[in-house]
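Peer 1: Please find one structure pasted underneath; my questions will follow.
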Amino acid sequence: MEVLGYLLLAAAAALWLVAAIIGLIDAFPIGVVGLIALLGIGLLFLKVLRERRRNREDDHYSMHIDK
């Protein structure tokens, strides 16, 4: 049940993002500012995910200490 909830939430977020990008492209040239902002947020999100996957100390605490 939890997985289904996450899948539906991810699908809604993806559709919202696609709609936002289409709207920003439609609002050219003013929409370029929004596209740049979305690109920046996306790059920072990828950086956070990459750092989290590479951090073994967090994995150790989540598996052994926080239980």
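Peer 1: Report those helices (runs of 4 or more DSSP H) wholly inside the chain carrying at least 1 residues which are basic (Lys, Arg) and at pLDDT 90 or above.
Peer 2: Working: elements: 2-26, 31-54, 56-60.
So the answer is 31-54.
Peer 1: Which pairs turn up if I take residues in segment 1-19 that are within 20 Å of Gly42 (Cα to Cα) and look for partners that are open to solvent by less than 60 Å² (accessible area, probe 1.4 Å) with beta carbon separation below 8 Å, at least 6 apart in sequence or on another chain?
Peer 2: Leu17/Leu38
The values are calculated or read from the model by the stated rules, or taken from the named source; none is laboratory data. All of these numbers come straight from a predicted model, not from anything done at the bench. Here Cβ is always computed from backbone atoms with ideal geometry, including for glycine, and neighbour counts include all displayed protein chains. Just so you know, the surface numbers come from the protein's heavy atoms only, side chains and all, with ligands and any DNA or RNA stripped out. Shrake-Rupley method; radii C 1.70, N 1.55, O 1.52, S 1.80 Å.
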